[in-house]
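**Student:** Sharing a structure with you now.
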Amino acid sequence: MCQSYKRQCECGRHTAEIFFGNMLLDQTAVLAVYCPECSHVDQKADPAFVWDNGWVLELNLATIRTHAATFGLPKESVTAEWVFDAGYATWVGITPDDTERRNRERDALQHLAKTDLRAYIKAMKNWGIEREQRFSAEGWRKMRPGAAMGL
C-alpha cells in the first residue's frame, strides 16, 4: 500500500499532499515544501530541489540515495527531479493540492447526478477533459510529454 503525506509550505499558507510510490520512501524523504509565495529559494542547480510551476519540493537526498540500488542507479545519479518524475515522492495527483481541488470541483457537479444522469455524465466527461487541458496549459510537471513514464 502506498502512502501520502500532507506538509505545509515553509510560509505556512498552503499545504501540499505528497505521494510516496512503491512504499519505498516516507516523510523523512521531504525536507521542505515551498509554495509560489515562499519559493524564492535560489537552488535551481541543486539536485535536492524539484521545481514545478512555482512550487518547490526539497528532498533529503542523503536518505533517498540509500535506496539507489533499488532504483538501479548510482547514488550520485539520484536527484529530486528523478525521484519526483519516477513517482517515488511526488504530488498526489497533478498539483500539490489536487485532491482538495478535485473534490471541490466534483462536488459542484453532484447535484446533476440526482436530477439528470445524462447531464451529470456529460458534465463529468467535460470536466475531466477541461481539467487536463487546464493543467497542461498551466505547465504542471506531470502534464509534460513523457511524464507518465517517469521521464
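Since every read-out is calculated from the coordinates, none of them should be taken as a lab result. Here the structure is a predicted model, which is why all the values come from computation and not from measurement. Quick reminder, even Gly has a Cβ in these numbers, built from the backbone with ideal geometry, and neighbours come from all protein chains shown.
**Student:** So, counting K/R as plus one and D/E as minus one, what does the shell of residues with Cβ under 12 Å around Arg65 add up to?
**Tutor:** So the environment of Arg65 carries a net charge of 0.
**Student:** Taking only the alpha-carbon atoms of the chain, what semi-axes of the equivalent ellipsoid follow from 5 times the gyration tensor eigenvalues under a square root, in whole Å, largest first?
**Tutor:** 32, 17, 14
**Student:** Another one. Return the inverse of the average 1/r over all pairs of distinct C-alpha atoms in segment 50-118, which is the Kirkwood hydrodynamic radius, in Å to one decimal.
**Tutor:** So the Kirkwood estimate lands at 14.6 Å.
**Student:** Starting from the exponent 0.38 and prefactor 2.2 Å, build the expected Rg for segment 1-82 from its residue count and divide its actual Cα Rg by it.
**Tutor:** 1.09
**Student:** Hey, how much of the P(r) for segment 73-151 falls beyond 18 Å, as a percent of Cα pairs?
**Tutor:** Considering segment 73-151, 53 percent of its Cα-Cα pairs are separated by more than 18 Å.
**Student:** Turning to a different aspect of this structure: Please enumerate, by chain and number, the aspartates and glutamates with C-alpha under 17 Å from the C-alpha of Lys125, excluding those fewer than 8 residues away in the same chain.
**Tutor:** Lys125 reaches Glu105, Asp107, Asp116.
**Student:** Something else: Work out the length of the dipole vector of segment 3-96 about its Cα centre, built from +1 on the beta-carbon of each Lys and Arg and -1 on the beta-carbon of each Asp and Glu, and round it to the nearest 20 debye.
**Tutor:** 200
**Student:** How high is the relative contact order of the chain, in percent, counting Cα pairs under 8 Å that sit 6 or more residues apart?
**Tutor:** 21
**Student:** Follow-up. In deg cm²/dmol, rounded to 500, what helix-only [θ] at 222 nm does the chain give when every DSSP H run of at least 4 residues adds -39500 (n - 2.57) and the total is split over its residues?
**Tutor:** -9500 deg cm²/dmol
**Student:** Continuing with this model, one more query. Quick one: net charge of Ser4's neighbours, Cβ under 13 Å, K/R +1, D/E -1?
**Tutor:** Charge balance in the 13 Å sphere: -3.
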